[in-house]
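Throughout, read-outs are computed from the coordinates displayed, never taken from laboratory work. Keep in mind the model is a prediction, meaning the values are calculated, not measured. Glycine also receives a Cβ, built like all others from the backbone with ideal geometry; neighbour counts cover every protein chain displayed.
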Amino acid sequence: MSGWSSNSKYAFLGSLRSTAQMISYEVAIGFIITTIILCVGSFNLQYIIEQQKYQWFVITFFPLFLMFFVSGLAETNRHPFDLPEAEAELVSGYNVEYSAMSFALFSLGEYTNMLLMSSFTTILFFGGWQSPINLTNVIIPGVFWFSLKICFFVILFVWLRAALPRYRYDQLMNLGWKSFLPLSIAILTLNFSVLTTFNLLPY
């Protein structure tokens, strides 16, 4: 809406890119989360964290974690998938006509989205607020571990901006539709088949 209401071709093209990118990678993220929920047997985030008491899901579902993290980068329009805001082609993308507080709200939304994806990655794959090692003698609150893991992913988001070159738009779409979507569906189907065959469904 912001790109369309700007009455600028650059902003409109940036908003179309952003919409297509979000839809493309949300499908893969949905199948990845469905696989986790299928194996845990609950939508409750606290229960998902409790199931990772002895082993984090990043070890069990490492390919899913990689796909989820890369999809999170694309979903939040972060580098190397920041094509809706490509300065070389679109000046600044959908927010090219905005300044002052309006521009600050766009930035605030983007960074909040980054924190949300980091939190989801921590909850689904890194045991949430649980400590990585069994500290029997030292009492460290779970909020500390949760915050530490979120900070790690936020730093990773920022570091990737300096480390990786930007993708081409056709490469971005091919990665989402031709690689991540078939892989996430295949892993979901494989997990469901194994759980059903050996009667291991948790519900």
Legend entry - Reachable lysines, given that their alpha-carbon falls under 22 Å from the alpha-carbon of K9 and they are not under 8 places away in the same chain: none
Inset, instruction - Assign one of three labels to the range 2-197, namely rounded, prolate or oblate, based on the Cα gyration tensor with a ≥ b ≥ c the square roots of its eigenvalues; rounded applies when a/c is under 1.5, prolate when it is not and a/b is larger than b/c, and oblate otherwise. - result: oblate
Legend entry - Under 17 Å from K149, Cα to Cα: lysines that are on another chain or at least 8 residues apart: K53
Legend entry - Cα→Cβ-extended label distance, 7 Å offset, between A162 and F198, nm: 4.5
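Between I140 and W177, what is 0.36 nm times their sequence separation minus the Cα-Cα distance? Round to one decimal in nm. Don't skip to the answer; put the middle values down first.
Values: separation 37, 0.36 × 37 = 13.32 nm, distance 4.25 nm.
Result: 9.1 nm gained on full extension.
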Inset, instruction - Could you calculate the contour length gain from L190 to M1, that is, 0.36 nm times the residue separation minus the distance between their Cα atoms, to one decimal place in nm? - result: 64.1 nm
Legend entry - At least 30 Å along the helix axis (C-alpha) and Kyte average at least 1.6, DSSP helices within the chain: 142-163
